[in-house]
Structure formats: C-alpha cells, structure tokens
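J.: The structure under discussion is supplied below as structure tokens; questions concerning it will follow.
None of the figures in this text is laboratory data; all of them are computed from the coordinates on show. Remember, it's a predicted structure, so these values are computed and weren't measured experimentally. Counting neighbours? That spans all protein chains shown, and the Cβs are built from the backbone with ideal geometry, glycine included.
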Amino acid sequence: MTYLFDDPSAFAADAVAGLVASQEGLTQVHGGVVRTSATPKGQPALVIGGGSGHYPAFAGWVGRGMGHGAPCGNVFASPSASQVYSVARNAENGGGVILGFGNYAGDVLHFGLAAQKLRAEGIDVRIVKVSDDIASNTPENHTDRRGIAGDLPVFKIAGAAIEAGADLDEAERIANRANEATRSFGLAFDGCVLPGADAPLFHVEDGTMGVGLGIHGEPGVRDEPLGTAAEVATLLVDGVLAEEPETGANGYRKRAAVVVNGLGTVKYEELFVVYGHVARQLEARGITPVRPEVGEHVTSLDMAGLSLTLVYLDEELETHWLAPVDAPALHRGALPARTEQARGELWAPGADPIPEATEESRASARGIVGVLDLFAQVCAREEEELGRIDAIAGDGDHGQGMVYGTRGASRAAQEAVADGAGARTALVRAGETWSESAGGTSGALWGAALIAAGGVVSDHEEVDDRSILEALIAGIDTIAELGGAREGDKTMMDAALPFRRVLDERRDEPAAAVITAAADAAREAAEATAQITATLGRARVLGDKSKGTPDPGALSFSILMAELGAHLG
C-alpha cells in the first residue's frame, strides 16, 4: 500500500523533488535529474532512466562512476521524449550520449524519438537496452527480453568504464557486453498498489508465487506453490544457470557478479536468508560470487517479490563491476580526487510564441478544446475498468496513463486557445503535452497522433468535416508507423485499423455519422481481441494469460471514438 502522497497524479514529480532536496549531488531539470557538477568536457554522458516507482533505479544511480542523468517518467510509465531530451541536453558536454533503459516498448519509443532529435542537432547518441529477464523470451532472443534488475550491473559497469576513460564507442561496446552477460529471474508473492488505488494491480493466492515477474506490476508467467527459502533459491539459481556460458567462452572464468533484489516489501533479513542459499549453491557448482549486492535496487513500489541476477564475468567486466562508485543509492570504495567543474546554465524548454491564427481557426480550436475536455472526463470515468483489464495481463496503469494524458492535453489546448491559438497549434500543443503527461507507449502514440492531426489542419482555416476525417486518418497512420503493430498483435491497432477503413470508405459523408459507424467497428474489433494472445507490448510476455480479456488500448480507443462521434453529432 502506498500511504504517503498528496495528489496521486503528482506523486512521481513530488518524489523526484524530494530526492533532489535530500541530495546535494543532484540537480533537478525538466524531466528528471542530473549531477550537480558538470560532465567533464568530452566525457560520454550516461543517461539512464525509465518510469518512477523503481527507486533506487534510476535517479538513485546518478553520480560519479555511474549515471550522469536520469529522466524520470510517471509511475511505471516511460519518460516522454521531451523529458529524455531535456536530461540528455543537460548531461551532454561534448562526448556524446549513451541512453540506457530497460527494453520496454514505451521506453524504446520515447528514448528513440529523443535520440533522433539529439542526432539532428549534431550530438552522437548510442542506445543500450537492458534485456536480462529470462522469463520474457527465449535464449536465442535475449536482446528482445525485458529489463529488470539487470539494469543495476549493466549501468554500473558502463558508468565505471566511462569514469576510467572510455570514449563513446568503447563505453557502448562494454555496456552491450555487460548486457549480453547478464541474466535475471524473479518471482512475486503479491502485487503492488499504485498511489491513490485501494487494491493491488494483481493478487497471488496464498501459498503460491508468481514465477517470472516484471517490474511494472506485471504478474508472473506461471504460478507455483510457495516453497521454503532454500527451495526458492534453487528455483532462481536453476533458472539463471540454465543459460550459463561454457568456461572460457568470451573470457568467462566461473565468476559472477550477483544481485539478490527485493521488489519493495520483502525484508532485508529474508533476502539475506535467500542469498545464503544462493551463495552455497553457486559455490557448489564451481561459480565464485563477486561483490554481491543484496537489497532493494530495482523495486516495484511495494510489490512483494525478489529476483536473482548474475553477470557472467570476464576480466574486463569484473574490473568495472568492482570499481568505485558514488551515487545516492550505491557507494563503493573511494574515487580519485578531481576538481569538479561548475555546471553552467541549465537547458530548459522554452515557451514558443503562438502563431497568428484567423478567427475561423480559433473557433475550431475552441471545438478541439471541447473534445479533449470530453476525452478527459471519459477517461476519468473509465479509469478503474481500464486499469482492471490491463492488470490481468499487463501492468495495470493504462487507465491512469489515459487520465494523465487527456488531462494534460486538455489543459495545454485550453492554455493555447486562451493565447489565441488556431486549430493546428492547439492540436500540436495538446499532443506534446499528452505524451509528456502520460509517458508510456500509449502516451507516445496518442501524442504523436494529435501532432500528426495538427499537420493536416491549419491555423488559418476552419476545420470542416473532410478535415476531421483526414486528421483522424493521419493520426492512425502515425500510430501504425511508430508502433509497428498490425491487426492480430493485440494492441490499439486492432481497433484503430478497422476504424480507419470505415473512414477511408466513407470520407465524403458527414463526419459525425462516419465516426460513429467507424467506432462501432472499432468496438467490435476491440472486444474480439479477448480471443487473441498478445504478440507485442508487455502482455506478450504473459502469453495466454491475456486470452479472455480485451486489449485495454484497443478498448479505450473505441470508447473515445464513440464519444467523439456522439459529440460531433
């Protein structure tokens, strides 16, 4: 249970502000934190991030020997592209940037968009995706797995390499080698409770455990009877060692960095009991544990669970694993004295002027505000049900993310219209803010869709029925391009593509009638996703657990489009 918060929607931002107030080595910037001292000139900047709710990951790892900055998204939602860009701009100082994150669709999308913008400005950017969770894919698809507690050793090793003088090419190489050598396996005894919620995202029956957990409130891939600490340790060790490399392969010397990670509720004494069994079992198999870490490193709010991570070490990886580090949540050894450079002026997003607009377009913009306000009301009404559906085979935050996104978009459009914006500017401002407010995959896709819709309309003309349909088509096409999903993958596109087909077939008819008919097709398709096993997104990892439940993204899309048709009618 999350007991202490003010406004649940501001929980992540409030937590970051409090962390910075408690740590003189951290400075808050738009979207996250950076070191108080400037990155040494020419040194690669390691920018590591993800959703909030995982502390010490990721802001707790910003310091010498590890990260230079951390973008911090909402709870369990990836930071937006603008947040990632802001932190990277403030961290970079001529040596390029490594963007490091766990391999989740929302993070891949947002960090990738930020990388594109940074590269367009001449900054060399490399991307490192941590993919250590053995439960989430097969060994031959290691790089397509999700990232869990392996974030800690991968980023620790990369940060140490940079501190030792590695340039961007070398740091990227070492980070990827660390990820290739890292394997994790976890289990849960019960789900976590989001701030303001009164029930966990999922529940594990008494006497059982969910095996193969995620760190965003996802349940395990299967349930098994809860055993003793020794039996749990055996399950974890056997799972991770199933992929142990042969001695000598890539320099492996039967030595492994070890992390026993608590997810938020399991007490340290329990973790120590488990580690005692882990250490004995590793040694019995001829593996020497190297500088083990036992504690809470990558949490999931108050989830009851734990995981085991091994990094199969060669001499290079071991050197960087053992190197000193000085971050708020990870201290080892003593770093060499260095005169810290004072940080210059912080970069912050500016307030772009509102382009001139005609009264006809301003009137259309006021109509857009009305639609977005309606969307915010509808998402608030549907939040609990969308969250319930998402919790069955996802992470349970879809309803919350849609509320945050629509509220932010509505607010941004209102502010733009109050300053005289036309239709195009209102949609673009709303899209940018939806993405930033919601984070996650759906936040990025809905935000990009609104921005694309804004590209169809104008600040100088009224938005007519034809323009409305063209804008909706442009938005859906953008979602398809960015997300890469097709019908049958069990995503929003299962509803959006049937919706688009109706629009395309009837684009010369009145918009309200066409949208209403298209929304009926979308709702039917959304409900049919209950019979599909997910092949993309977080639900993919859980296989058939998603069967019997419609995709929440497809359902929310169909609901909003039905409301839009009724509103226009």
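J.: Using the crude model of +1 on Lys and Arg Cβ and -1 on Asp and Glu Cβ, and no other charge, please compute the dipole size for the chain relative to its Cα centre, in debye to 20.
T.: 1300
J.: Points 7 angstrom from Cα along the Cβ direction at A164 and D352: gap in nanometres?
T.: Inter-label distance under the simple model: 4.4 nm.
J.: Which percent, to the nearest 5, of DSSP beta bridges fully inside the chain are antiparallel?
T.: Numbers: 32 of 54 bridges.
Rounded to the nearest five, the antiparallel share is 60 percent.
J.: What percentages, rounded to whole numbers, describe P(r) for segment 262-401 computed over all alpha carbon pairs with 10 Å bin width beginning at zero?
T.: 8, 18, 20, 20, 17, 12, 5, 1
J.: For a quick check: sort R486, R332 by the number of other beta carbons within 10 angstrom, fewest at the front.
T.: R486, R332
J.: Same structure, new question: As a test of the formula, what do you get for the chain when each DSSP H run with n ≥ 4 contributes -39,500 (n - 2.57) and the sum is divided by the residue count, at 222 nm and rounded to the nearest 500 deg cm²/dmol? Walk me through the numbers before you get to the answer.
T.: Numbers: 16 runs with 259 residues, N = 569.
For the chain, the value works out to -15000 deg cm²/dmol.
J.: Which entries of K41/K129; K41/K254; K156/K490 have Cα-Cα distances beyond 29 Å here?
T.: K41/K254; K156/K490
J.: At what distance in angstrom do the alpha carbon centres of segment 545-569 and segment 245-318 lie from each other?
T.: 43
J.: Let me ask you something else. Taking Cα centroids, how far is segment 44-94 from segment 352-386 in Å?
T.: 31
J.: Points 7 angstrom from Cα along the Cβ direction at T138 and E359: gap in nanometres?
T.: Inter-label distance under the simple model: 6.7 nm.
J.: Given a cut-off of under 8 Å on Cα pairs at least six residues apart, what relative contact order in percent is computed for segment 1-130?
T.: For segment 1-130, the relative contact order is 24 percent.
J.: So how do 256-268, 223-235, 160-172 stack up, highest first, on mean other-Cβ count within 10 Å?
T.: The densest-packed peptide leads the list: 256-268, 160-172, 223-235.
J.: Just the Kirkwood number for segment 1-130, please: inverse of mean 1/r across all distinct Cα pairs, in Å, one decimal.
T.: 14.4
J.: Among A496, A452, A512, whose Cα sits farthest toward the positive end of the charge dipole of segment 440-569 (+1 at Cβ of Lys/Arg, -1 at Cβ of Asp/Glu, about the Cα centre)?
T.: The one lying farthest along the dipole's positive direction is A496.
J.: Per 0.36 nm of contour for each residue apart, how much would the distance between K117 and E205 grow if the chain were fully extended, relative to their Cα-Cα spacing? Don't skip to the end; give the middle numbers.
T.: On the way: separation 88, 0.36 × 88 = 31.68 nm, distance 4.65 nm.
Value of the extension gain: 27.0 nm.
J.: Next up: Can you list residues whose amide H is under 5 Å from T288's amide H, if they're 5+ apart or on another chain and H is modeled 1.01 Å from N?
T.: R255, A256
J.: Return the distance in nm (one decimal) between the two label points of a simple spin-label model at R280 and R222, each offset 7 Å from Cα along Cα→Cβ.
T.: The modelled label-to-label distance comes out at 2.6 nm.
J.: Right, next: Along the positive direction of the dipole of the chain (beta-carbon charges: Lys, Arg +1; Asp, Glu -1; about the Cα centre), which of G401, T441, G95 reaches farthest?
T.: G95
J.: Quick one: give the max-minus-min coordinate of the C-alpha atoms of segment 359-568 along each principal axis, largest first, in Å.
T.: 53, 34, 28
J.: May I ask you to list the aspartates and glutamates whose Cα is less than 19 Å away from that of K267, ignoring any residue fewer than eight positions away on the same chain?
T.: D190, D206, E231, E293, E296, D302
J.: Where Rh denotes the Kirkwood radius from the mean inverse Cα pair distance, what is Rg over Rh for segment 269-330?
T.: Numbers: Rg = 13.4 Å, Rh = 13.6 Å.
Answer for segment 269-330: 0.98.
J.: What number, in nm² with one decimal, is the all-direction average of the projected area of the convex hull of the alpha-carbon atoms of segment 197-297?
T.: Convex hull of Cα atoms, orientation-averaged projection: 7.5 nm².
J.: Another one. Output the Kirkwood hydrodynamic radius of the chain, Cα pairs only, in Å rounded to one decimal.
T.: 24.2
J.: Need the full-extension length gain, T319 to V290, defined as separation in residues times 0.36 nm minus the C-alpha distance. One decimal, nm.
T.: Taking T319 through V290 to full extension adds about 9.4 nm, to one decimal.
J.: On to the next question. Once fully extended, how much extra length lies between T36 and A342, figured as 0.36 nm per residue of separation less the alpha-carbon to alpha-carbon distance?
T.: 109.4 nm
J.: Let me ask another. Report the antiparallel proportion of the DSSP beta bridges in segment 1-130 as a percent, rounded to a multiple of 5.
T.: Once the DSSP bridges in segment 1-130 are tallied, antiparallel ones form about 35 percent.
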